[in-house]
1. Cut-off 10 angstrom, C-alpha nodes, Gaussian network model of chain B. Which of B:Asp67, B:Asp346, B:Asp267 fluctuates the most?
2. At a threshold of 8 angstrom on Cα-Cα distance, excluding pairs fewer than six apart, so keeping six or more, what relative contact order does the range B:187-344 reach in percent?
3. Using only alpha carbons, build the gyration tensor for the range B:61-171 and give me the equivalent ellipsoid semi-axes, biggest first, whole Å.
4. With +1 on each Lys and Arg Cβ and -1 on each Asp and Glu Cβ, how big is the dipole of chain B about its Cα centre, in debye rounded to the nearest 20?
5. For a quick check: with amide H placed at 1.01 Å from N, whose amide H comes under 5 Å from A:Asp109's, ignoring anything fewer than 5 positions away on the same chain?
6. Can you work out the Karplus-derived ³J(HN,Hα) for every residue in the range B:38-51? Use 6.51 cos²θ - 1.76 cosθ + 1.60 with θ = phi - 60°, whole Hz, and x for glycine or proline.
7. On the first, second and third principal axes, largest extent first, how far apart are the outermost C-alpha atoms of the range A:98-221 in Å?
8. Using just the alpha carbons, could you tell me how many Å³ per residue the convex hull of the range A:150-245 encloses?
Amino acid sequence: MQTDYRDERLVQGVIEEIHKLTTQPWVLMEICGGQTHAIMRYGLDQLLPSKIELVHGPGCPVCVTSLELIDKALAIASSPGVVFTSYGDMLRVPGSGRDLFSIRANGGDVRVVYSPLDAVKIAQQYPDRQVVFFAIGFETTAPANVMSILQAKRLGLKNYSVLVSHVRVPPAIRAILTSPGNRVQGFLAAGHVCAVMGYWEYPAISELFHVPIVVTGFEPVDILQGILMTIKQLEHGEARTENGYPRIVTFDGNQPAQAIINQVFTECDRKWRGIGLLAGSGWCLRPEYAEFDAELRFSVNQIQPEESPICIAGQILQGLKKPKECPAFGTLCTPETPLGATMVSSEGACAAYYRYSLRSQ
Amino acid sequence: MTEEFPTIQGAVCPIPLPHQEKIMLGHGSGGKMSHNLIQKYFLPALTNPILSVGDDSAVVQLTSNTDIARLALTTDSHVVWPLFFPGGDIGRLAICGTVNDLAMVGAIPLYLTVGFILEEGLEIGILERILQSMQEAAHESGIIIVAGDTKVVQHGKADGLYINTSGVGQINPNIHVSGANAQPGDVVILSGSVGDHGIAVLQARGELGFDSEITSDIAPLNQLTQAMLSVCPDIHVLRDPTRGGLATSLNEIAHQSKVGIIVKESDIPVRPAVAVACEMLGFDPLYIANEGKLIAIVPEDAQGIILSTMQKMKYGESSRVIGRVVADYPGKVLLITGIGSTRILDALSGELLPRIC
């Protein structure tokens, strides 16, 4: 689809500006998996000065969902009488020894939905079956996931529940900046996350860690604009939070959405696949909404699997390594036989490299 | 299993099942999983030189006299759901799918057989509508339905009905079309917009969440291919980009012919409604199924006459050149993006899944 934000001349214009401005090497991280894919899909990395290195962040909800939660999902999905609903990408992600595809191939009722409200409709259609929605994602998917719970409550549904695996961006940025091996000097914040949450949480991070953060969109021109603004700050020794996506994002964000999120969710510690436990980095259901908690309904709290030592997805998710640095990349590990979540998800950094990058093949 | 990967350091992910023990939906996607299933199980079990060619139809020589026409044979099963969707139905699909498989090896489709698997409880009125649609499609393409079979299975054992069609066609002696014949310097022509059929079916399933005017492009393409071959018998490759879409078909050709193919994104037509639906769902139209489009790979000097011939035909009006065959990058397809960069255009992997955000 052609839009002005994919216009070749506009792209070239911003690229030229970036080339003019860049005098020394800089390492930037784009937070969001959608941005990683756009960068690879449009080959933006080929057009940038070689001094600019883009490292890919942990902003792929599929990649960072913990093994523990995936195993819980698999246990619930294979329980008799359950209709397990999920966003499509999650079906491919491996738990311990199986994935949702295999549950489906073994007769489990696993369905892809485009919106959690569709899962609520399924619960209305099948009053005698338990319908569970795998509520994963960052701040972006939270309002819709919360709406499904409010809708189920309003309808008095007793057969709808959610397996919550929500994660938040700001704690992840803090974790990356405090990591001893950190190389990231500037961040492109995830535009759609900020559309919901605003960017009021970020200036404190910019100040504390002296790091530029630029709210960035997803089209080629948007991403390049974000890079340009970040480089400009770095070259001038500045470290502010700026909005490079003002047509969508405001400082305060979508306040009605934040209000319903706060009504249903509360901050909690969350385990990130490949990164570990980050304090206050997730959202969980408030006690008032415990009746919709699939973990309680299906008693899967005891599931605590161990990750096995194979791929370097964790280091990739933290921006410490690039997909090409993995010895398994493209040989043992491909989208058909993924060793790690970053190759599984269509938003994962490894999958983006495998699909689009000429240099990697 | 970890013993197989001793050189890899680091700690994070489990090894998932490679799905080698059971059939998954992804094995029917037309992408790499389907390809692997054929290579690993079907070909070794059933192998012979004719089957191994890997074109849309098998081509057999009935006598040793090469001046006599060869026979094209193919078979195709249809399990689309819902049975009716904007622009077509399973009956029209069953005829056009087989007619097009014959047309893509340069054959004139002659005769067709039909096998029905009907589910107990299917309304006779639905069967009548589908039969009517099959007769209309057969009439349009000129193929004659000469034999059939019907089986009925218990309620719940099929989705209304499934249809298998098998066809035979005649290939004139001077025609040699194959996915293995693309040569460096050739030009890649596409007969129209991509993604219409797949999105129309998704819409009919109610999965778009909105209405649009997208209709399937199902059409018999044999008159188009015959017109093209009559002005240029030396067409190298014909292929209809069905399951797996344009990207997967181009990869198959690059692989079969051991050449590279470079296409330009801005030259590939996508209807605005299809583009919008794909954007919203996180699909790429280059991976969405088509049922009435073809890719032609032709010698450069014949490009003018073939294009003008195609553009005069009903199903080829929007034909255009989308790329070239090159000697570099054998087995790979490269895409020049709308902003001028170049990237790999890979084949579809497994099942096409919508993205999360």
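Where a number appears in this text, it was derived from the coordinates with a stated rule and is not lab data. Note that this is a predicted model, so its numbers are computed, not measured. Glycine gets a Cβ as well: all are built from the backbone with ideal geometry, and neighbour counts include every protein chain shown.
1. Taking springs between Cα atoms under 10 Å, the residue moving most is B:Asp67.
2. Relative contact order, the range B:187-344: 43 percent.
3. Working: eigenvalues 172, 40, 23 Å².
In descending order the semi-axes read 29, 14, 11 Å.
4. On the way: 22 positive and 37 negative charges, 86 e Å.
Roughly 420 debye, rounded to the nearest 20.
5. Distant-sequence amide H within range of A:Asp109: A:Phe84.
6. 5, 5, 8, 10, 5, 5, x, 6, 10, 5, 6, x, 6, 5
7. 56, 35, 29
8. Numbers: hull volume 13.0 nm³, N = 96.
Cα convex hull per residue, to the nearest whole number: 135 Å³.
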